[in-house]
Amino acid sequence: MSTAENTILGLKLPTDTRWADLASISIEEILVDHAFCEMKAATQCVTLISRYADKVDLVNALAPIVTEEWGHFRMVWAELKKRGYELGKQRKDEYVNLLLEREPKHGDHGNEKLLQKLIIFALIEARSCERFRLLHEHLEDQSLRDFYYKFMISEAGHYRLFIDLAEMYYPTERVREVWAWWLKTEIEVLQLLEPRGDRMH
């Protein structure tokens, strides 16, 4: 992804394109990991809806995303079956876990737990969008390139949705401040992780 495209997403540290080369020789592992990522994304949205059921706009915005994310899981699962692959056991997402470990627990800005969650999810969607774009651009299998193009477009929309929801419930300047903090924090997280072609993140 070009510097300009990363700027649109807000990401500060682009993924090395060699990740796509590694992924191309680990397609089964990438698809399996992707399937679990979509499953977790649907679950996270359900959790937000359950926790903040009193926020009607949030429920209205996220209810269709739950359906969409689960639909994505089904799409990846269908691709796995078509290729004769199995889902196997769930694996940990070190990237997401390291982000969650750094979520501020307290602060000087009152109740911002929802803000932190929305920004974390926006960041994960932005990074997923970037990785899907790399797969779309670098895989030799044209059907998979087309497959990941659809996911790239969808994740970009989800990234924007979480930012918009944050700005609906919190002052824009505070949202930008928290977003900037998380972008710097993500750099630290990425630098702790070894490049792996068998993981989406």
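Suppose we keep only residues that are basic (K, R) and crowded, with 21+ Cβ neighbours inside 10 Å within region 126-145. Which one would you say is farthest from E186 (Cα to Cα)?
We begin by selecting, within region 126-145, every residue basic (K, R); these are 127, 131, 133, 145.
Filter again for crowded, with 21+ Cβ neighbours inside 10 Å, leaving 127, 131, 133.
Details: R127: 10, R131: 15, R133: 19 Å.
Here the residue is R133.
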Give me the residue from region 1-25 that is at pLDDT below 90 and in a loop (DSSP other than H, G, I, E, B) and, out of that set, nearest to W179 (Cα to Cα). G10
Contact list please: Cβ distance under 6 Å, first residue in region 55-75 and closer than 9 Å to C45 by Cβ, second residue assigned to a helix (DSSP H, G or I) and of a type in the set (D, E), pairs at least six apart or on different chains. E69/E38
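Consider R127 carefully, then state whether it is out of contact with any helix residue (DSSP H, G or I) (no Cβ under 7 Å at 6 or more places or on another chain) and assigned to a helix (DSSP H, G or I). Give the derivation first.
Numbers: out of contact with any helix residue (DSSP H, G or I) (no Cβ under 7 Å at 6 or more places or on another chain): yes; assigned to a helix (DSSP H, G or I): yes.
Yes, satisfied.
Please pick out the residue among G71, G88 that is among the small types (G, A, S) and closer than 24 Å to K150 by Cα.
Among G71, G88, only G71 is among the small types (G, A, S) and closer than 24 Å to K150 by Cα.
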Show the residue pairs meeting these rules: Cβ distance below 6 Å; 6+ apart or different chains; first residue within region 87-112 and within 13 Å of V178 (Cα to Cα); second residue at pLDDT 90 or above and surrounded by 14 or more Cβ atoms within 10 Å (Cβ to Cβ). R102/T185; E103/Q116
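Tell me, please, whether a residue that is within 14 Å of the chain's Cα centre (by Cα), part of a helix (DSSP H, G or I), over 16 Å from A23 (Cα atoms) and touching a residue at least 12 places away in the same chain (Cβ under 8 Å) can be found in region 163-171.
Narrowing region 163-171 to residues within 14 Å of the chain's Cα centre (by Cα): 163.
Adding the requirement that they be part of a helix (DSSP H, G or I) leaves 163.
Next cut, over 16 Å from A23 (Cα atoms) only: 163.
Applying the additional criterion that residues be touching a residue at least 12 places away in the same chain (Cβ under 8 Å) yields 163.
Checking region 163-171: at least one residue is within 14 Å of the chain's Cα centre (by Cα), part of a helix (DSSP H, G or I), over 16 Å from A23 (Cα atoms) and touching a residue at least 12 places away in the same chain (Cβ under 8 Å).
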Within region 80-91, can one find any residue that is surrounded by 15 or more Cβ atoms within 10 Å (Cβ to Cβ), within 17 Å of the chain's Cα centre (by Cα) and under 18 Å from M39 (Cα atoms)? no
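The values are calculated or read from the model by the stated rules, or taken from the named source; none is laboratory data. Not measured: the values here are computed from a predicted model. Here Cβ is always computed from backbone atoms with ideal geometry, including for glycine, and neighbour counts include all displayed protein chains.
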